[in-house]
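*Asks:* Please see the structure below; I have some questions.
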Amino acid sequence: MTVHRAPSTPTQTISTAVAAQAVTKTFGGSDDATRVTALDNVTVAFRPGEFTAIMGPSGSGKSTLMHCLAGLDTVDSGRVAIGSTIITGMSDRDLTLLRRRRIGFIFQSFNLVPTLNARDNMLLPLDLAGTSADDDLFAHIIDTLGLADRLAHTPHELSGGQQQRVAIARALLTRPAVIFADEPTGALDSTTGTEVLELLSRSAREMGQTIIMVTHDPHAASYADRVVVLKDGAIVDQLQNPTAQTVLSALAGLGA
Ligand SMILES: Nc1ncnc2c1ncn2[C@@H]1O[C@H](COP(=O)(O)OP(=O)(O)OP(=O)(O)O)[C@@H](O)[C@H]1O
C-alpha cells in the first residue's frame, strides 16, 4: 500500500494535520452554578499520518473535543486548525464545504444510506463534493478492505463488519486531511472489531492517513500510535505506542 503515500524528503518540515490551541468550550446557563466546562484550555496537535486515540472517563470531554476539532461545534475561545486552515469563526456554509472536502467520519452505527448499495455509499461524499473517485485509489481500497464482491449489496445485505468496512472505504476515498472515528468498533464482535482496528492502523501507517479515534476500549486504543487522556475537560496524560496494559494503568491512575 506504499504507492499512495506522499513522498517525503529529509528536509521536509513536519506539519500539523489538526490542532487545537487553548480551546475552551462551555455548555449551559450564564451563571457559574449551571455552566459546565466541557473543554478547559485544551492545546493538542495531531501529526499527518498519526493514529491517535482520545480516552478518558465518561463526561471528560472526548466527544466535545472531537466535535470542536471537526468543526461540528463552535468553541468559546481558542483556535482550531485543519492543516493550515483556521476553522474557528468560519461560516456554517464554509464549514460544511470544508468537512465534505477535508474530513472523514466513521461512527459506531456506520451511518450508511440504506437504499444505496455499497459502491454508491462509498462514493456519496465525492458525489456531494462534485468530484469523482480516483480509479486506482478506489480499486486499491476495495481490494485492501476485501469489498470487491460486495459492491452491489445494500447495507442490510452486509454483516456489521462489512458495513463498517464500507464506512471506512467511504472515509478513505476522499483522501481527507483527517478521519474522525467515534467508537468505530462499538457495534462489532471482538474479531471483526480487531480487523477494523488493523485496517485503521494500516491506513495511517501505509497511506499516511491521519486518524483521531474516540474510544473507551483500551484494546482499541492499543492500535493507535498515541493515546491522549482527558479528565474534566483537560489533557492529563499522553501515551506513545500504547499497549492495552499501559492504557488501563493510565486510566486506573485517574480513578476512573
Ligand atoms: N449539548 C450539551 N449541553 C450541555 N452539556 C453538555 C452538552 N454536551 C456535553 N455536555 C457536557 O460536557 C461534558 C463533556 O461531555 P462529553 O460528551 O464531551 O464527554 P465524553 O467524554 O464524550 O463522555 P462519554 O464518554 O460519556 O461519551 C459533560 O459534563 C457533559 O454533560
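The values are calculated or read from the model by the stated rules, or taken from the named source; none is laboratory data. Quick caveat, the model's predicted, so the values are computed rather than measured. FYI the Cβ positions are ideal-geometry reconstructions off the backbone, even for glycines, and counts take in every protein chain you see.
*Asks:* Assuming residue 66 fulfils every condition listed in (1) in contact with a Phe, Trp or Tyr (Cβ under 6 Å, 6 or more places away or on another chain); (2) more than 21 Å from residue 225 (Cβ to Cβ) apart from one, which condition is it?
*Replies:* Condition (2) is where residue 66 drops out.
*Asks:* Any residue at all in region 70-81 that's more than 19 Å from residue 230 (Cα to Cα), away from the ligand (no atom under 16 Å from the Cβ), aliphatic (A, V, I, L, M) and under 19 Å from the mean Cα position of the chain (by Cα)?
*Replies:* yes
*Asks:* For region 64-104, which residues satisfy the criterion of being closer than 22 Å to residue 193 by Cα and at pLDDT 95 or above?
*Replies:* 66
*Asks:* Could you list, ordered by first residue, the pairs with Cβ atoms under 8 Å in which the first is in region 23-40 and closer than 15 Å to residue 73 by Cβ and polar (S, T, N, Q) and the second is modelled with pLDDT under 95 and more than 8 Å from the ligand (Cβ to nearest atom), at least 6 apart or interchain?
*Replies:* 26/35
*Asks:* Looking at (1) more than 15 Å from the chain's Cα centre (by Cα); (2) crowded, with 20+ Cβ neighbours inside 10 Å; (3) among the hydrophobic types (A, V, I, L, M, F, W, C), which is the one condition that is false for residue 138?
*Replies:* Against the list (1) more than 15 Å from the chain's Cα centre (by Cα); (2) crowded, with 20+ Cβ neighbours inside 10 Å; (3) among the hydrophobic types (A, V, I, L, M, F, W, C), residue 138 comes up short only on (2).
*Asks:* Looking at region 154-181, which of its residues are surrounded by fewer than 19 Cβ atoms within 10 Å (Cβ to Cβ), at pLDDT 95 or above and either closer than 16 Å to residue 193 by Cβ or touching a Leu at 6+ places or on another chain (Cβ under 9 Å) (or both)?
*Replies:* Within region 154-181, just 154 meets the criteria.
*Asks:* I'd like the full set of residues that are assigned to a loop (DSSP other than H, G, I, E, B), touching a residue at least 24 places away in the same chain (Cβ under 8 Å) and over 16 Å from residue 61 (Cα atoms), limited to region 237-256.
*Replies:* 242
Conditions tested, residue by residue: (1) in contact with a Lys or Arg (Cβ under 8 Å, 6 or more places away or on another chain); (2) not in a loop (DSSP other than H, G, I, E, B).
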| position | (1), (2) |
| --- | --- |
| 90 | no, no |
| 97 | no, yes |
| 101 | no, yes |
| 106 | no, yes |
| 111 | no, no |
| 125 | yes, yes |
| 131 | no, no |
| 137 | yes, yes |
| 141 | no, yes |
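*Asks:* Now for a different question. Checking residue 187 against (1) touching a strand residue (DSSP E or B) at 6+ places or on another chain (Cβ under 8 Å); (2) part of a loop (DSSP other than H, G, I, E, B); (3) not basic (Lys, Arg): exactly one of these is not met. Which one?
*Replies:* For residue 187, the exception is condition (1).
*Asks:* Being modelled with pLDDT of 95 or more, within 16 Å of the ligand (Cβ to nearest atom), within 22 Å of residue 55 (Cα to Cα) and of a type outside the set (A, V, I, L, M, F, W, C): is that true of residue 184 here?
*Replies:* no
*Asks:* To continue, here is another question. Out of all the residues in region 231-253, is one or more at pLDDT 95 or above, touching a His at 6+ places or on another chain (Cβ under 7 Å) and surrounded by fewer than 23 Cβ atoms within 10 Å (Cβ to Cβ)?
*Replies:* The answer is yes; a qualifying residue exists.
*Asks:* Scan region 26-56 residue by residue and report those that are modelled with pLDDT of 95 or more, assigned to a loop (DSSP other than H, G, I, E, B) and within 10 Å of the ligand (Cβ to nearest atom).
*Replies:* 56
*Asks:* Moving to a separate point now. So residue 98 fits all but one of (1) under 22 Å from residue 207 (Cα atoms); (2) more than 18 Å from the chain's Cα centre (by Cα); what number is the exception?
*Replies:* Going through (1) under 22 Å from residue 207 (Cα atoms); (2) more than 18 Å from the chain's Cα centre (by Cα) one by one, residue 98 breaks only (2).
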